[in-house]
1. Answer yes if at least one residue in segment 75-83 is over 25 Å from Thr227 (Cα atoms), surrounded by fewer than 15 Cβ atoms within 10 Å (Cβ to Cβ) and touching a residue at least 40 places away in the same chain (Cβ under 8 Å), and no otherwise.
2. Name the single residue, out of those in segment 207-237 being within 15 Å of the ligand (Cβ to nearest atom) and among the hydrophobic types (A, V, I, L, M, F, W, C), that is surrounded by the fewest Cβ atoms within 10 Å (Cβ to Cβ).
3. For segment 84-116, name all the residues that are surrounded by 19 or more Cβ atoms within 10 Å (Cβ to Cβ), of a type in the set (S, T, N, Q) and over 18 Å from the mean Cα position of the chain (by Cα).
4. Return the total of residues in segment 339-384 being under 28 Å from His49 (Cα atoms) and in a loop (DSSP other than H, G, I, E, B).
5. Has segment 42-51 got any residue that is of a type in the set (Ser, Thr, Tyr) and farther than 26 Å from Ala226 by Cα?
6. Out of Tyr355, Tyr360, Tyr309, Tyr347, which single residue is modelled with pLDDT of 95 or more, among the aromatic types (Phe, Trp, Tyr) and either under 22 Å from Gln84 (Cβ atoms) or touching a Cys at 6+ places or on another chain (Cβ under 8 Å) (or both)?
7. Hey, among the residues in segment 117-136 that are more than 15 Å from the chain's Cα centre (by Cα), under 26 Å from Met288 (Cβ atoms) and within 15 Å of the ligand (Cβ to nearest atom), which one's surrounded by the most Cβ atoms within 10 Å (Cβ to Cβ)?
8. Out of all the residues in segment 346-360, is one or more in contact (Cβ under 8 Å) with a residue 60 or more places away in the chain and within 29 Å of Gly249 (Cα to Cα)?
Amino acid sequence: MIWYPYEQMKTMKTPYKIVDVQGVYLFTEDQKLIDSVSSWWSVIHGYKHPELNRAIQEQLEKFAHVMLGGLTHEPVQKLSAKLQSWLPGDLDYCFFSDSGSVAVEVALKIALQYYMNREETQRTMVLALEHAYHGDTFKTMEVGDDEDYHFVLKAYGESRHVVHIPTQIEALERAFEQYHSKLNCFLVEPLLQGAGGMRMYDVSFLRRARELCDEYGVLLIFDEVATGFGRTGNRFVADLVLPDILVLGKALTGGYIGHAVTVANHKVYEGFYDDNPAHALMHGPTFMGNALACSVALKSIELFEQQDYLSKIHRIEEITRREMDGFSDPRIREIRIMGACVCIEVYDPTVIAGYQKFAYEHGVFSRPFLNYLYAMVPYIIEEEELIQVLDTMKQWFE
Ligand SMILES: *Cc1c(COP(=O)(O)O)cnc(C)c1O
C-alpha cells in the first residue's frame, strides 16, 4: 500500500497512473497531458531528454554509486568544479545531499556551527519569512511558516529559535535591531516563495537584507531549491544578491534523481577549516554525491548553458504576460507572473476545487493547492503548448 504525500488517504481520489512520458508530456492510458507542474518544478528540460538519458546510462555502465566517506569519483569532482565556476562570487564549497530538505538542514547546521566554532554560542536564532517553505524535515518545518504543512509542530509550542517576518524592509530592519546579537542566519526563498503560495517580492528587500547581514555579522542563506536554475527569470537570484550559503535542489538533476547541494562561500568554509577536529561538519547522507545524480546534473547544467535557457525562460514570461494581459475575474484576487511561474490566487479556495479534473480533460496536468492555481512549465515548452496551459486556466473561470 502506498501512502501518498499531503493526502488524507481516506478521501483521496485515485491518482492518474502515468505509463509513459516524453518532452513536456505525461501519458496515461487514455490521455496525453502537458505537465504544467514539471514534476514539482524539477523537470526543466522535459522528460526523456536524450542527452540526459545518455549521461546517466554512460555512468551506469561504470558504476551507480559509491559513498563519499573516504572515497571520491569523477562525476562528483566534475560537478563540484562546474558549480564552483558557474555559481556567482565565492560560492565554492559544495556539500551534496539527497533532497532539498536535507540540504536546507545542512545549511542551518552550518550557520549554527559557524558561530559555535567561534564560541559565539548565543547565536542560536534563525530569521525567516512569513509563509516560508523550506522542506518537511523537523528543523525545516520549524523555520517554515505554513500551518497546512506544519501544524504537527504546534505540539511543541512556539519556537524560541525562529522569528518570522513579512517581506517588508521595515520589518526586516526592526527584526535586526531587536535580534541581531542572537541571530546566526537569515534564511529566505529569494524573490519567489513557492509552496507558501507563489508569493513574489522585490529584490530591494534582499539588497537591504545583505547590508544588514554584513552590518551585524549574520549569515545570509538563499534557499533556491525552487528558484534556482532560471525559474524566476534569473539564472539564480544569487546572481543579483550574493548570499553566504546557497541551497539548490529540485531542478539540479533536471528532475531525474533526488539530489541537492548546499554551497558555502569562502568565509563560511574558513569557519570550519582549522586544526580542531571538533570544528568539522558532522554530516554525511548515505547517498550524497551519488554518481548517477552528479552525471545527470552536470549534463543538465551544460544544456542550460549551451542552449541559452535564459532566453527560453524570458520567452515563456513574455508569452505568459501577453496571454494573461487583460484577463480578470471577480473571484480572482491577484495574478502573479515571474519568469517561468504564473499563479492565479483566488479569494475562495472552493473556486478552484475540481480544476484538476477539468485540466485533465483539456490535456493538462495541474495540481492547484489552497487558493493557488499555478503553472511552472518545463522550459522546453512550445508556444502553442504554453498557450494551451494558460487557456485552460482562463477557461476554468468562464
Ligand atoms: C521543495 C522545496 C524544498 C524541499 O525539497 P525536497 O527535495 O522536497 O526535500 C525546500 N525548499 C524549497 C524552497 C522548496 O521548494
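The values are calculated or read from the model by the stated rules, or taken from the named source; none is laboratory data. This is a predicted model, so every value here is computed, not measured. All Cβ positions, glycine included, derive from the backbone under ideal geometry; neighbour counts span all protein chains shown.
1. The first filter runs over segment 75-83 and keeps only residues over 25 Å from Thr227 (Cα atoms), leaving none.
Looking through segment 75-83, none of the residues is over 25 Å from Thr227 (Cα atoms), surrounded by fewer than 15 Cβ atoms within 10 Å (Cβ to Cβ) and touching a residue at least 40 places away in the same chain (Cβ under 8 Å).
2. Here the answer is Phe236.
3. Within segment 84-116, the first condition is being surrounded by 19 or more Cβ atoms within 10 Å (Cβ to Cβ), and the residues that meet it are 87, 91, 93-108, 110-115.
Then drop every residue that is not of a type in the set (S, T, N, Q), which leaves 97, 99, 101, 113.
Of everything in segment 84-116, just one residue is surrounded by 19 or more Cβ atoms within 10 Å (Cβ to Cβ), of a type in the set (S, T, N, Q) and over 18 Å from the mean Cα position of the chain (by Cα), namely Gln113.
4. The number of residues fulfilling the criteria is 14.
5. Quick first cut of segment 42-51, residues of a type in the set (Ser, Thr, Tyr) only: 42, 47.
Still in the running and farther than 26 Å from Ala226 by Cα: none.
No: segment 42-51 contains no residue that is of a type in the set (Ser, Thr, Tyr) and farther than 26 Å from Ala226 by Cα.
6. Numbers: Tyr355 fails: either under 22 Å from Gln84 (Cβ atoms) or touching a Cys at 6+ places or on another chain (Cβ under 8 Å) (or both); Tyr360 fails: either under 22 Å from Gln84 (Cβ atoms) or touching a Cys at 6+ places or on another chain (Cβ under 8 Å) (or both); Tyr347 fails: either under 22 Å from Gln84 (Cβ atoms) or touching a Cys at 6+ places or on another chain (Cβ under 8 Å) (or both).
Within the list Tyr355, Tyr360, Tyr309, Tyr347, the selection yields Tyr309.
7. Val126
8. Keep residues of segment 346-360 that are in contact (Cβ under 8 Å) with a residue 60 or more places away in the chain, which gives 359-360.
In the following step, the residues that additionally are within 29 Å of Gly249 (Cα to Cα) were identified as 359-360.
Yes, some residue in segment 346-360 is in contact (Cβ under 8 Å) with a residue 60 or more places away in the chain and within 29 Å of Gly249 (Cα to Cα).
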